[in-house]
Amino acid sequence: MSNVPADLKYSSDHEWVRVEDDGSAVVGITDHAQGALGDLVFVEAPEPGSVFASGEAFGVVESVKAASDMLCPFGGEVLGVNSALDDTPELVNTDPYGDGWLIRMQPADTTELDGLMDAAAYEQFLEEA
Amino acid sequence: MPKQTPLYDAHIALGARIVDFGGWNMPVNYGSQIEEHHAVRNDAGMFDVSHMTVVDLQGAAARPFLCGLLANDIGKLREPGKALYSCMLNHAGGVIDDLIVYYLAEDRFRMVVNAATRDKDLAWIRQQASADGPTINERDDLAMIAVQGPNARQKAAGVLPPEQAAAALALKPFSAAAIGELFIARTGYTGEDGWEIMLPAAAAADFWGRLNQAGIHPCGLGARDTLRLEAGMNLYGNDMDENTTPLESALSWTVAFEPQERDFIGRAALEKQQADGVDRKLVGLLLEGKGVLRAHQKVICAAGEGETTSGSFSPTLGRSIGMARLPAACGSECEVEIRGRRLSASVGKTSFVRNGKAVD
């Protein structure tokens, strides 16, 4: 079974969100998502300062198998990206909730975060999928 | 419901991720596809290829029948046990399938064709066979396991009784023999040394387990694809199909125009294409920068446009490689359109890696 940490929020596109004390939010893909994608070989990240609406593609992850759009779980501005993934995209496979994080964003409207699932709801979502 | 091979339960027990491949539930990987790829390049890996279709042809008519059916010439097979790679063409010269044919005895040949093309292949073969043709017998009672890699033969030989191991280790490349209840061929689809082993379906799970205990890594179809792509081996349905001929699929070497009197299906069409000029070719692409080539991306070169037919990340080279069908006049450079951007790629031969080493 895939790992679903209790302290994160989740989107139906299999991304996780961690809201930090300063109000910014870190986004990555879940353990389930990295397992389904297979070994990642390339991450195409957005430029810091870019602004995306909820559901918009902010980047692409490519595994050996396929390319997948990464969709914004909420609208906002990109504050930073995980540059370690340029050379070691496999961090997303080995540590999806830690060193394999994708981007840090400033949410435009924090109420959008309320629409995300908690860990229990995401686990149920995985079971039903 | 997709079909299952006799090894399905073994795959589940090993934690395989299962996908539907050509109507079969097959393992795509058992964890990390890249680790499986490296296991084959550097040590030994094994693949369940029981989904592939084994067809035995029997009778005095088998040889003349295959002489007309296949674009390569089974007359090249002098000794029993020798194998030949060939395309099976339609009358327009298009590729119905690619296959391996084994010469077992003067009245006995065995063909291994693709899984996804099983029904149309069998229909075509039966359609071409006249009433006095050979007996055509699909061997769905057999399972098939490929062991591949520099240490694969030695490790696999370790699970055989000594006299069988000696016979198997004595096989020359592209040769096969019936050894006990096994049919062992020194062939493969990875660019590495190894065997493809056919055996009774009922014995497959036990044999697979013993190979695993001998230190041969289970590998899924994902690694099989990156290995064959690095080795420059075409994938039917991607790199060639019924709308392309071998001459525009980097498979001219598999078409035997000699002897001239051998009239195989598709010969007239290929001769006409040769006379008129082959205006497309299948090439290998090496992406210069970051990104990953995939099938059906647009390719732009000075001589015109073409399309990728296969593409992936090459774990051995650490870069993306692919195959593309391009105008015959295309030079050594091109650009590939990946998600709206044009990235540079170099154009060369389709084979990138052989026996663990990058091909220059």
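The values are calculated or read from the model by the stated rules, or taken from the named source; none is laboratory data. Values in this document were obtained by computation on a predicted structure and should not be read as measured data. Here Cβ is always computed from backbone atoms with ideal geometry, including for glycine, and neighbour counts include all displayed protein chains. With ligands, DNA and RNA removed, areas are computed over all heavy atoms of the protein, side chains included. Shrake-Rupley method; radii C 1.70, N 1.55, O 1.52, S 1.80 Å.
Close amide H contacts of residue B:323 (hydrogens built in the peptide plane, cut-off under 5 Å, sequence separation of 5 or more or a different chain): B:285, B:309, B:310, B:311. Residues considered: B:209, B:322, B:94. Largest GNM mean-square fluctuation over chain B, using C-alpha springs under 10 Å, is found at B:209. What the pair-distance distribution of region B:234-360 shows, using all Cα-Cα distances binned every 10 Å from zero, is 12, 41, 30, 13, 3, 0 percent. How much FRET efficiency would the formula 1/(1 + (r/R0)^6) give for residue B:203 and residue B:170, where r is the Cβ-Cβ distance and R0 is 25 Å, rounded to 0.05? It comes out at approximately 0.65.
Average accessible surface for chain B: 41 Å² per residue, computed with a 1.4 Å probe over protein heavy atoms with every protein chain in place.
Estimated translational diffusion coefficient (Stokes-Einstein, Kirkwood radius over Cα pairs, 10 °C, 1.306 mPa s) of region A:73-129: 120 µm² per second.
Tell me the volume per residue, in Å³, of the convex hull enclosing the alpha carbons of region B:1-96.
On the way: hull volume 17.4 nm³, N = 96.
It is 182 Å³ per residue.
The value given for region A:49-100 is a Kirkwood hydrodynamic radius of 12.1 Å, derived from the mean inverse Cα-Cα separation. Normalised size of region B:69-211, defined as Cα radius of gyration per 2.2 N^0.38 Å with N residues, equals 1.10.
Temperature 10 °C, viscosity 1.306 mPa s: under these conditions the Stokes-Einstein estimate for chain B, based on its Kirkwood radius over C-alpha pairs, is 75 µm² per second.
Across chain B, the mean sequence separation of Cα contacts (distance under 8 Å, 6 or more residues apart), normalised by length, yields a relative contact order of 19 percent. Computed from backbone phi, the HN-Hα couplings of region B:84-94 come to 9, 8, 8, 9, 10, 9, 8, 5, 7, x, x Hz, rounded to whole numbers (Karplus: 6.51 cos²θ - 1.76 cosθ + 1.60, θ = phi - 60°; Gly and Pro given as x). Taking 15 Å as the cut-off, the amide N atoms of region B:282-300 that come nearer than this to a point 7 Å along the Cα-to-beta-carbon line of residue B:337 belong to B:294-300. Of all the Cα-Cα pairs you can form in chain A, what percent are over 17 Å apart? Counting pairs separated by more than 17 Å, the tail of P(r) holds 53 percent. Only aspartates and glutamates eight or more places from residue B:357 in sequence, or on another chain, were considered; those with a Cα closer than 17 Å are B:35, B:36, B:43, B:192, B:193, B:230. For region B:1-108, the set of trypsin sites (Lys or Arg not before Pro) satisfying both a DSSP loop assignment and a count of at most 12 other C-beta atoms within 10 Å is given as B:78. Close amide H contacts of residue B:240 (hydrogens built in the peptide plane, cut-off under 5 Å, sequence separation of 5 or more or a different chain): B:235. Both radii were evaluated on the Cα set of region B:166-323; the Rg over Rh quotient, with Rh as the Kirkwood radius, amounts to 1.05. Each principal axis of the protein assembly as shown carries a Cα extent, and these read 82, 55, 40 Å when sorted largest first. For region A:21-33, backbone phi angles converted through the Karplus equation (6.51, -1.76, 1.60; θ = phi - 60°) give residue-by-residue couplings of 4, 7, x, 6, 9, 9, 10, x, 10, 6, 4, 4, 5 Hz, Gly and Pro being listed as x. Using a 4.7 Å Cβ-Cβ cutoff, the cysteines of chain B lacking any partner cysteine are B:67, B:87, B:219. Scaled against the 2.2 N^0.38 Å expected of a compact globular protein of N residues, the Cα radius of gyration of region B:167-244 reads 1.28. Checked against a 23 Å cut-off, the cross-linked pairs B:298/B:349; B:120/B:298; B:82/B:349; B:3/B:120; A:65/B:290; B:76/B:172 give Cα-Cα distances beyond that limit for B:120/B:298; B:82/B:349. The residues of region A:60-74 listed by number as losing at least 40 Å² of accessible area in the complex, against the isolated chain and with a 1.4 Å probe, are A:62, A:64, A:65. Around residue B:347, with a cut-off of 11 angstrom between Cβ atoms, what is the net charge of the other residues, counting Lys and Arg +1 and Asp and Glu -1? So the surrounding residues net to 0. As a calculated quantity, the FRET efficiency between residue A:56 and residue A:87 at R0 = 25 Å, using C-beta atoms, amounts to about 0.40. For the chain pair A and B, buried accessible area totals roughly 1300 Å², probe 1.4 Å, rounded to the nearest 100. Sparse packing (at most 12 other Cβ atoms within 10 Å of the Cβ) combined with a DSSP loop state is found for the following GluC sites (Glu not before Pro) in region B:217-320: B:261. Which positions within region B:273-316 get 10 Å² or more of their accessible surface covered by the other protein chains, compared to the chain by itself, with a 1.4 angstrom probe? Residues shielded by partner chains are B:290, B:291, B:292, B:294, B:312, B:313. Of the solvent-accessible surface of region B:210-321, computed with a 1.4 Å probe over protein heavy atoms with every protein chain present, carbon and sulfur atoms account for 48 percent.
Near residue B:97, once Lys and Arg are set to +1 and Asp and Glu to -1 for all other residues with Cβ below 10 Å from its Cβ, the sum equals -2.
The largest-to-smallest principal axis extents of the Cα set in region B:9-55 are 32, 25, 17 Å. Rounded to whole numbers, the Karplus 3J(HN,Hα) couplings from phi for region B:146-156 are 9, 10, 9, x, x, 9, 5, 5, 4, 5, 5 Hz, using 6.51 cos²θ - 1.76 cosθ + 1.60 with θ = phi - 60°, and x at Gly and Pro. Per-residue ellipticity at 222 nm from helix content only, as computed over chain B with -39500 (n - 2.57) for each DSSP H run of at least four residues, stands at -6500 deg cm²/dmol.
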